[in-house]
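Quick notes on the structure that follows.
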Amino acid sequence: MSDAVRIGILGDFNADFRSHHSTNDTLQHAARKLGTEIKSEWLATSSLTKSDAEKKLEGFDGFWAAPGSPYKSFDGMLKGIEFARRRDWPFLGTCGGFQYAFIEFARNVLNIADADSAENNSGSKNIIIYPVACPVPDRKPGSHKLSGAVPNIRLRPGSYLQSFYGKDKETVTEEFICNFEINPDFEWTTMEAGFPVVARGPQGEIRAIESPTHRFFVATLFQPQLSSTEKDPHPVVLAFVQAAADWGRKKLDDSVLE
C-alpha cells in the first residue's frame, strides 16, 4: 500500500487559472518540506453528486476546496465540504472554498435552506456572501476588487491559525483574487455553527475561520497558495498537509487493527 498522502481538491480545474496551478504546486512545496509524498487529484464538482461519491471521498486523507466559483455544480461543492465537516476529514478551503464552507454550514448546520452567494443570482433572501464592500485601492484596471497582497490581516490570538504562523505573529500579509466576501449581517452564523472568526481585514472584515473541534478545518478568503514557494512553503498549507498525513496514518493503523 502506498504511503503517499492523498489530497482531494474539490473544484473544477481550469488551466487558465493561476490559483489552480498554484494549488498543485504548493502541495508539492509542503510535501518536500515535510519529507513526504503527495498524490493530489482534482475532483470535479459534478462528480460529487454521484451515488458513489462518498465511497470515493473516503479514499483521500484530506480535502482542499479550491477557488473557482461559481462552480459547475453548486450541490457537488457543498457535498464535498459537508463530507469533510461531518466525517471530520482534514479540510482547507480558500477563496471560493472559504465562501462555500460558509454556505454549507449555514444550510446544513443552521438550517438556513436558501443561504447563498450573490454571485449565483438565485433570488435568495439569505445572501451570506456578497460583493466586496471596500475594494483594494490603486488596483490594476479590470482586476478583482480584492487582488494582490493585502497587509495588516489580524490573526486571533490563541487560534490554531495563529499557531501555524507562529504564536507571536499578530498580523500577516496575504494575497487575494476575489470579488466576494462574507456579508457582515451574517457574522453570527460563524459562532453559532462552531466556526469562530480567526482572521480579519483592516476594517474588521472576516478573512478566515476555523473549527476548534475538528481534526483540521480551516477556511481563508485569501489564497495561501499564491505566496508559497519551494524555499518557503506556506505555513497554513504545511499544517494542512501534516494533518492529512497524520490522518492517513491513523486510518491505516485502524484498518490493520480491525
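The values are calculated or read from the model by the stated rules, or taken from the named source; none is laboratory data. This one's a predicted model, so the numbers in the text were calculated from it and none came from an experiment. We place every Cβ from the backbone using ideal geometry, glycine too, and count neighbours over all the protein chains shown. Areas reflect the complete protein model, heavy atoms only, side chains present, ligands, DNA and RNA absent. Shrake-Rupley method; radii C 1.70, N 1.55, O 1.52, S 1.80 Å.
Quick rundown of the values:
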item	result
Residue within segment 149-156 that is open to solvent by less than 90 Å² (accessible area, probe 1.4 Å), touching an Asp or Glu at 6+ places or on another chain (Cβ under 8 Å) and modelled with pLDDT of 95 or more present	yes
Tally, over segment 25-37, of residues that are open to solvent by 10 Å² or more (accessible area, probe 1.4 Å) and in contact (Cβ under 8 Å) with a residue 40 or more places away in the chain	6
Segment 1-22 residues that are modelled with pLDDT of 95 or more, paired with ones that are open to solvent by 70 Å² or more (accessible area, probe 1.4 Å) (beta carbon under 6 Å, 6 or more apart)	Arg6/Lys39; Asp12/Lys72; His20/Phe13
Residue within segment 13-23 that is within 27 Å of Pro212 (Cα to Cα), within 17 Å of the chain's Cα centre (by Cα) and not in a strand (DSSP E or B) present	yes
Enumeration of residues in segment 183-204 that are assigned to a strand (DSSP E or B) and either touching a Cys at 6+ places or on another chain (Cβ under 6 Å) or open to solvent by less than 10 Å² (accessible area, probe 1.4 Å) (or both)	Val198, Ala199
Residue tally, condition out of contact with any helix residue (DSSP H, G or I) (no Cβ under 7 Å at 6 or more places or on another chain) and closer than 20 Å to Ile38 by Cβ, over segment 201-244	6
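Quick grid of which residues meet (1) free of Cβ contacts under 8 Å to residues at least 24 places away in the same chain; (2) of a type outside the set (S, T, N, Q); (3) over 22 Å from Ala84 (Cβ atoms):
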| position | (1), (2), (3) |
| --- | --- |
| Val109 | no, yes, no |
| Asn120 | no, no, no |
| Ala133 | no, yes, yes |
| Asp138 | yes, yes, yes |
| His144 | no, yes, yes |
| Glu170 | yes, yes, yes |
| Gln223 | no, no, no |
